[in-house]
Every structure is written in C-alpha cells, then in structure tokens.
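Here is the structure we will look at, set down as structure tokens.
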C-alpha cells in the first residue's frame, strides 16, 4: 500500500532532500517503522519512548488526511492506500519565566 | 541580515501590543528561496499565555497548506516576550524547528505595549545555536523599485498580472 508522507524542511536531510516520500503500513506506527527502515534516524525525531510505549513527540504534529492523530488514536490511527500523512514541527516557544527559576534573594 | 518592509514591521509590533500581556505570534510568508517576508499572517496563540506561545495544530496545518499552494515558506517566525528582553529563551531555542527562518522577537516589557520604542530583533536558530542578525527596515523591497519604469529607459512590455488570490 502506498501512503504519501510529507516531510518538513528540518527532516529532509533524512530523505535526501525529498519533500514527500512514499511509505507503507496499515497504521501510522507501521508507516513510521517503514520510514525508519528507509530513512534511518527519522523515527527518533518523530517519536519518544515513554512509560506507555512509543508516542509522537510533544512538539511534532502528525496528520492523516488533515486530522491531527492526537485526536484519532495516535500511532494506532489506521491508514490505507492513497492516504496522505503530513508531518509538521510545532511552532512554539516563549519566555518561559518558570524555567529561569526564582529571582535571587535580596 | 533580515530585510523587512516597514508596513510588515509595524504590523508585527502592533500585533504584539494588541495581545500584551499574552505573547503574540505569527509568520511572514514569502516566495520559496526569496528570503523576502511578503505576506504577514498573524496567528492565534493557542496557549494564550504571557510566557508561552504555540500555533494551534489545525491552524498550523492550514497555514502550511496555504504556503504550499502559493510556493511560499515561512521567511519570518515571530513572537513577543512581554516581560523579558527580545532574546530567544531556552524554550525558544529548543523548539526552533525551521532552520531557514528568521526568528523575530519583539519585547513589549516596561510599558512598551502602550508607548515608546519596541525592541525588534532577529535571529537564526539552527541546531540549538543562536546567531543574532541585523534588521534593515525598508520602505519597499528593491525589485519593486526597479520594476517601475525609470526616466530615460524604455518601459517594460506589459506583463500579464498574476491573479491575486
């Protein structure tokens, strides 16, 4: 089964500069495994190993046919021939005052 | 160096002031490879926070689809700091994932959201490394100037204007 996977700029070094690649699988998780087999190292940029097993990293968004997979079952989301997976890094940041710790004592 | 037109520069500052004390965020898209910030797209800060910003995931997908359709890329990604300087925080650096973008930070601290100058600074953030760059504000971009007929030179043949969508 051919699934089109759209690759963001930051991950194109893994795909030889390709903006989109074909992959296969019946779930997003399987597609990621196939991607890893074809483009070694990409999996770690997409997923993290947590207590509950592999999951998409907090600041990576994965969409199947325009639906964010966070709302459709995560890596278990089913895909089939002709589907398009879009990977987009989150655009996020901020001053994050908490991370700077408390102000020094007077 | 970031070269940006005054109208877009001012619109970013206006957006930051409007959203203060929450952080404001957005992009300026431009033709792929042009390095020209041409189309200002203010985004909603889904975090609605004074210390964090994040594009909503649905908005993000629509934005990138739109840029794809227009052969654009995010030339500038901007956000405001509302109580600290216009310098990338540890979070900003860790989460920067567009190696080709100019990361613009503006600061609305110390009353700058109401009046007075607003710090407007630009950085490259690649692999955790921050490099500040000069910002040049222009009234309009250079080849918009050259594209006008000059005295003494024959006018360019009329060109089919591309429909603006």
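Some observations on this one:
- The tail of the calculated P(r) for chain B, taken as Cα-Cα distances beyond 25 Å, holds 34 percent of the pairs.
- Alpha-carbon centroids, the stretch B:90-120 and the stretch A:10-50: separation in whole Å: 32
- The orientation-averaged shadow of the Cα convex hull for chain A, equal to a quarter of the hull surface, comes to 8.6 nm².
- Potential lengthening between residue B:85 and residue B:7 on full extension [0.36 nm per residue; Cα-Cα distance subtracted]: 25.8 nm
- Principal-axis analysis of the Cα atoms of chain B puts helix B:6-19 at an angle of about 30° to the longest axis.
- 10 Å Cβ neighbours from other chains, averaged over peptide B:80-89: 3
- Value of Rg/Rh across the protein assembly as shown [Cα atoms, Kirkwood radius]: 1.02
Read the figures in this text as sums done on the coordinates, not as results from a lab. Bear in mind the structure is a predicted one, so any value in this text is a computation, not a measurement. Every residue, glycine among them, receives a Cβ derived from its backbone with ideal geometry; neighbour counts consider all protein chains shown.
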